[in-house]
Amino acid sequence: LSERLSGIFDGLKRRGALKESDVSDALREVRIALLEADVALPVVKDFVNRVKDKAIGQSVLKSVTPGQQVIKIVHDELVAMLGAEASGINLLGVPPVVILMVGLQGSGKTTTTAKLAKRLTEKEGKKVMMASLDVRRPAAQEQLKVLGEQIGVKTLPIVAGQMPVDITRRAMDAARLQGFDVLMLDTAGRLHVDAELMAEVKAVRDASQPLETLLVADSLTGQDAVNVAKAFDGEVGITGVALTRMDGDGRGGAALSMRAVTGKPIKLAGFGEKMDALEDFHPERVASRILGMGDVVSLVEKAAATIEKEDAEKMAKKMAKGEFDLDDMRTQLRQMSKLGGVQSILGMLPGMGKIKQAMAGASIDDKVFRRQEAIINSMTPTERKKPQVLNASRKKRIAAGAGVEVSEVNKLLKAHMQMAKMMKQMSKMGKSGRMPMMPG
Ligand code: GDP
Ligand code: MG
């Protein structure tokens, strides 16, 4: 028994800080993973240096290796870089709001235009009109019309011989007169970025004042896509990126590079040719794909959940001194409700079944934990530190704040007292190295 206990405390002590050598070793692997995922070299260099600075000195969680810990830091940093916060399509403007789709030929503009139109229609209940400004490729305008019929979204009637800016003006008028919420403009591409293409797109932009200018880019083209993004953002100014063919891209490095180079969010991801193969961009998934070490990441996440380092260390110190206030109890409640009550640091100690029972009464379930937490949340910091100040009127206030009866508050305080007592006994045992009261 005492072996188990001391093992846990040893573990707490052993969890040190990440050393430069730990970080360098792990980052060597990360570097290779990033390059294999087709992330641009300057982006890789910059990224690795940043993570290195950040990681050295961070503490290592118990039950993971320093290398695994570094991978987790890398993963989180990747997610942050890819855009941790989801950025949807901006439709906040005077209707008809214009969404301008730009990009190279064959990148998936027309398909993505229709996919997004379908989604805005079906999921957001918007009245959407689409117009093709592609006068270069024969039948390009018909292509959009056919897709529109397929998904039940209106397209601007085709008039032969008009230039893109003329079509734009006609589309704006039609959308305004017919009360459309959104007008989606599908432009022509070129095989490469050139001056003519940029001039055309800029003219359309000026004529339509789009709220969103989405660059449609083929994720399979990797570095080229990054250069295209840079060019379009520099010349036209984009508000976001739609990455297509993510169904065929096992790596996702283009996403990271694009984001790093343009600073513009990746808003959409195309996963196939079908009209509903369009998703929000999920940084988490792409980060795991780029790293190819998703198992390590989930391992560290589990470890982090099991022992939230600071909480655990604070707890260990307090336990050693025989202290346990209501703040500590709340920490425990949170861990237990998160982990189903088994894997928290206390749960690993022998004899803890009793404490859990004391905390929750007969039934140990999440609802009880949450109610108890609500009661503690209704206390002032002083009350949490020194529960002995709780008189009848304070208890009444707390009960009202938590939406429970005063008897519940009393029950919680009793549970806390029992726990504090046990903590004290354990700290004494810790000093003598014996555990008199714990059954084997
Ligand atoms: P545009 O020239 O930029 O308008 O490109 P299109 O929309 O015409 O798309 C070119 C081809 O790519 C078509 O055959 C589409 O079906 C296909 N495509 C577009 N998006 C995706 C995608 O996300 N995944 C896959 N697999 N194919 C796509
Ligand atoms: Mg097209």
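For the reader, a short list of remarks on this structure follows.
- Net +/- balance of residues flanking VAL406 in space, Cβ distance below 15 Å, scoring K and R +1, D and E -1: +4
- Across segment 97-280, the relative contact order, built from alpha-carbon pairs under 8 Å that are at least six residues apart, equals 27 percent.
- Per-residue extension of 0.36 nm, minus the Cα-Cα distance of LYS318 and ILE32, leaves a gain of 98.6 nm for this segment.
- A crude spin-label estimate for the pair LYS54 and ARG136, with each label 7 Å from Cα along the Cβ direction, gives 3.9 nm.
- The ranking of ILE71, ILE56, ILE89 from fewest to most other beta carbons within 10 Å of each one's beta carbon is ILE56, ILE89, ILE71.
- Couplings 3J(HN,Hα) of segment 189-200, computed from phi: x, 9, 5, 9, 5, 9, 5, 5, 4, 5, 4, 5 Hz, in residue order, whole Hz [Karplus 6.51 cos²θ - 1.76 cosθ + 1.60, θ = phi - 60°; x for Gly and Pro].
- Net lengthening on full extension, LEU191/GLN150 (0.36 nm per residue, minus Cα-Cα): 12.0 nm
- VAL165 versus GLU273: modelled label distance in nm, points set 7 Å from Cα along the beta carbon direction: 3.7
- Sum of side-chain charges, GLY189 neighbourhood, beta-carbon under 11 Å (Lys, Arg +1; Asp, Glu -1): -1
- The residues neighbouring GLU142, those whose beta-carbon lies less than 13 Å from its own, together hold a net charge of -1 under the Lys/Arg +1, Asp/Glu -1 convention.
- Residues with amide H under 5 Å from that of ASP218, placed H, sequence gap 5 or more: THR244
- Sorted ascending by nearby beta carbons within 10 Å, beginning with the fewest, GLU323, GLU149, GLU408 become GLU149, GLU323, GLU408.
- Computed from label points 7 Å out along Cα-Cβ, the spacing between GLN209 and LEU92 is 1.8 nm.
- Fully extended contour minus Cα-Cα distance, from LYS367 to VAL406, at 0.36 nm per residue: 12.3 nm
- Sorted fewest first by neighbouring Cβ atoms within 10 angstrom, VAL146, VAL23 come out as VAL146, VAL23.
- In this structure, the amide hydrogen of MET184, modeled 1.01 Å from its nitrogen in the peptide plane, lies closer than 5 angstrom to those of ILE99, MET129, MET130, ALA131, counting only residues at least 5 positions away or on a different chain.
None of the figures in this text is laboratory data; all of them are computed from the coordinates on show. What you are looking at is a predicted structure, and each value in this text was computed from that prediction instead of being measured. Cβ atoms come from the backbone with ideal geometry, glycine included; neighbour counts cover every protein chain shown.
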